[in-house]
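**Q** I have a structure here, written as structure tokens, and I will follow up with some questions on it.
The values are calculated or read from the model by the stated rules, or taken from the named source; none is laboratory data. Computed from a predicted model, the values in this text were never measured in an experiment. Cβ: placed from backbone, ideal geometry, glycine included. Neighbour counts: every protein chain shown.
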Amino acid sequence: MLVADLRVFLAVVAAGTLSAAGRQLDISPMQVSRRLASLEEELGVRLFHRTTRAVSLTAEGEALLPYARTMTEAEDNVMGELRPSSGSVKGLLRITAPSVFGQGIVVGLLPALLAQHPELRIDLDVSDKVVDLVGQGMDLALRVAPLADSELVARKLAPNPRVLCASPAYLQRHGQPGTLEALEQHACIMLQAVPRWPFVVDGALQYRRLPARVSTSSVDAVRSAAVQGLGIAMLAYWDVFQQIRDGALVEIALQDAQMEQLAVWAVMPTRRYVPTRVKVFLAALESALASYSQGT
């Protein structure tokens with residue numbers, strides 16, 4: 001099976017038509033059609049449903065898709081290793097990240113990263129939903145919540161403890177709680193996905209349901225409500241580190257409980273054939289997280 005034919009296959013999937021794929025690859029639609037026919041003949045299956053206007057994948061085409069990506073990325077990696085003098089990374093890097101972390105951290109990396117690697121392209125999905133990496137063709141997922149068991153490969157990038165925080169104005173009006181019992185007397189801002197707050201008490205994780213003054217499905221909305229003085233919020237460190245550093249929020253420590261220790265994770269479909277573009281991005285991200293943690 002020729003990798004060149006798989007590249008044509010992937011171009012048609014991305015472009016949606018043979019002519020658009022041909023323009024992307026700088027070859028004629030007839031050449032695209034012949035390459036696809038050759039691939040289908042070799043595999044003995046039909047890969048696309050074709051109409052006069054568009055194409056769509058068959059079940060066999062869907063099954064081929066992740067293998068095609070792996071094989072083309074493997075070839076790209078080999079060629080990159082054989083030409084280290086170029087110092088540049090090519091291709092499309094597809095990332096999914098939580099909304100606040102993606103907007104606050106990942107987007108900030110892109111100007112320098114793209115300037116250093118002019119042939120690199122970024123497709124960033126910013127969403128609090130858990131995306132199917134393999135099904136959506138993602139190179140990398142960044143996760144800031146506890147990881148569910150899966151066959152995906154996870155790599156810890158940085159600590160990300162939960163943080164209790166409130167605005168200086170709120171604490172001036174209502175005081176700062178020092179214990180779990182005192183916290184129960186305060187207005188709390190709830191993220192709907194975390195209706196009970198986790199605390200570590202005497203080494204054991206326990207969950208407390210606290211009085212909610214505001215409840216929302218958005219991490220960004222929880223943070224904004226806290227900044228505006230509506231109550232005490234519990235969010236992950238990397239969701240509020242900038243506001244704590246700037247003084248818009250104050251971190252609250254309890255005497256009888258510690259906060260749950262989470263982490264920022266890089267999740268990948270496989271540890272084999274990790275594209276160079278993924279390695280370069282992760283190196284930049286880890287450097288940025290370390291720099292922010294040190295306050296530089």
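**Q** Looking at the structure I just gave you, is residue 178 at negative phi and at pLDDT below 90?
**A** no
**Q** Does residue 218 qualify as being at pLDDT 95 or above, polar (S, T, N, Q) and out of contact with any Asp or Glu (no Cβ under 6 Å at 6 or more places or on another chain)?
**A** no
**Q** Moving to a separate point now. Residues that are more than 29 Å from the chain's Cα centre (by Cα) and loosely packed, with under 15 Cβ neighbours inside 10 Å: does segment 54-70 have at least one?
**A** In the first step, residues of segment 54-70 are kept if they are more than 29 Å from the chain's Cα centre (by Cα); the result is 54-55.
Adding the requirement that they be loosely packed, with under 15 Cβ neighbours inside 10 Å leaves 54.
Within segment 54-70, one or more residues are more than 29 Å from the chain's Cα centre (by Cα) and loosely packed, with under 15 Cβ neighbours inside 10 Å.
**Q** Return yes when residue 148 is more than 16 Å from residue 251 (Cα to Cα) and modelled with pLDDT under 90 and no when it is not.
**A** Here the answer is yes, as residue 148 does meet what is asked.
**Q** Are any residues in segment 97-149 farther than 30 Å from residue 260 by Cβ, not in a helix (DSSP H, G or I) and not β-branched (Val, Ile, Thr), and if so, which ones?
**A** Of everything in segment 97-149, those that are farther than 30 Å from residue 260 by Cβ, not in a helix (DSSP H, G or I) and not β-branched (Val, Ile, Thr) turn out to be 117, 118, 119, 120, 121, 123, 137.
**Q** Let me ask something additional. Which one of these is out of contact with any His (no Cβ under 6 Å at 6 or more places or on another chain), outside the structural domain of residue 230 (by TED's automatic domain parsing) and touching a residue at least 60 places away in the same chain (Cβ under 8 Å): 137, 178?
**A** Answer to the selection: 137.
**Q** How about segment 181-219: which of its residues are surrounded by 16 or more Cβ atoms within 10 Å (Cβ to Cβ) and in a helix (DSSP H, G or I)?
**A** 183, 219
**Q** Still on this structure: Give me the residue from segment 74-114 that is at pLDDT 75 or above and among the basic types (Lys, Arg) and, out of that set, nearest to the chain's Cα centre (by Cα).
**A** 94
**Q** Given the criterion surrounded by 14 or more Cβ atoms within 10 Å (Cβ to Cβ) and either within 28 Å of residue 108 (Cβ to Cβ) or in the same structural domain as residue 179 (by TED's automatic domain parsing) (or both), identify the matching residue among 253, 226.
**A** Answer to the check: 226.
**Q** So, in segment 230-247, exactly how many residues are surrounded by fewer than 21 Cβ atoms within 10 Å (Cβ to Cβ) and over 17 Å from residue 105 (Cβ atoms)?
**A** Looking only at that region, the number is 2.
**Q** Turning to a different aspect of this structure: Among the candidates 217, 287, 291, single out the residue that is over 30 Å from residue 118 (Cβ atoms), out of contact with any Cys (no Cβ under 6 Å at 6 or more places or on another chain) and hydroxyl-bearing (Ser, Thr, Tyr).
**A** On the way: 287 fails: over 30 Å from residue 118 (Cβ atoms); 291 fails: over 30 Å from residue 118 (Cβ atoms).
None of the other options fit; the residue is 217.
**Q** Can I ask one more? Taking segment 227-280 as the search range and keeping residues that are polar (S, T, N, Q) and farther than 20 Å from residue 292 by Cα, which one is modelled with the lowest pLDDT?
**A** Taking segment 227-280 first, the residues polar (S, T, N, Q) are 228, 242-243, 255, 258, 261, 270, 276.
Next cut, farther than 20 Å from residue 292 by Cα only: 228, 255, 258, 270, 276.
Numbers: 228: 96, 255: 94, 258: 93, 270: 73, 276: 84.
This residue is 270.
**Q** A follow-up question, please. Hey, could you check segment 42-56 for residues that are in contact with a helix residue (DSSP H, G or I) (Cβ under 8 Å, 6 or more places away or on another chain), aliphatic (A, V, I, L, M) and part of a loop (DSSP other than H, G, I, E, B) and say which is farthest from residue 15 (Cα to Cα)?
**A** Only one residue tops the list, namely 45.
**Q** Among the residues of segment 122-136, write down those that are at pLDDT 90 or above and surrounded by fewer than 13 Cβ atoms within 10 Å (Cβ to Cβ).
**A** 123 - this is the single residue of segment 122-136 that is at pLDDT 90 or above and surrounded by fewer than 13 Cβ atoms within 10 Å (Cβ to Cβ).
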